[in-house]
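See below for the structure under consideration.
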Amino acid sequence: MKACVDKETCIGCGLCTDTCPEVFELKEDKAYVKVDVVPPDLQEKVKEAKDNCPVDAIWIEEL
Ligand code: SF4
């Protein structure tokens, strides 16, 4: 699984970075994904972050 953030849409609320700091990080008020591939044990947390993003800026690509 890959996680992606649409930086145009992200409002920098910090929810995804709180939910899964292993994958998401805030930089200049935008979230970015710091891993190339999401490890299996973090996939549920990434899905949770995606579902909870208030502006739907996160999407997931299955590999
Ligand atoms: S939850 Fe969504 S809006 Fe908030 S920082 Fe993450 S990607 Fe951006």
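Inside segment 1-24, residues that are assigned to a loop (DSSP other than H, G, I, E, B) and either modelled with pLDDT under 95 or closer than 14 Å to ASP41 by Cα (or both) make up a count of 5.
Screening segment 1-16 for residues that are more than 6 Å from the ligand (Cβ to nearest atom) and free of Cβ contacts under 8 Å to residues at least 60 places away in the same chain and picking the one that is nearest to GLU48 (Cα to Cα) gives ALA3. Each residue in segment 30-63 was checked for being within 15 Å of the ligand (Cβ to nearest atom), part of a strand (DSSP E or B) and either over 10 Å from the mean Cα position of the chain (by Cα) or closer than 12 Å to LYS2 by Cβ (or both), and 5 of them qualify.
The values are calculated or read from the model by the stated rules, or taken from the named source; none is laboratory data. What you see is a predicted model; the values in this text were computed from it and never measured. When we count neighbours, we look across all protein chains shown, and the Cβ atoms used for this are built from the backbone with ideal geometry, even at glycine.
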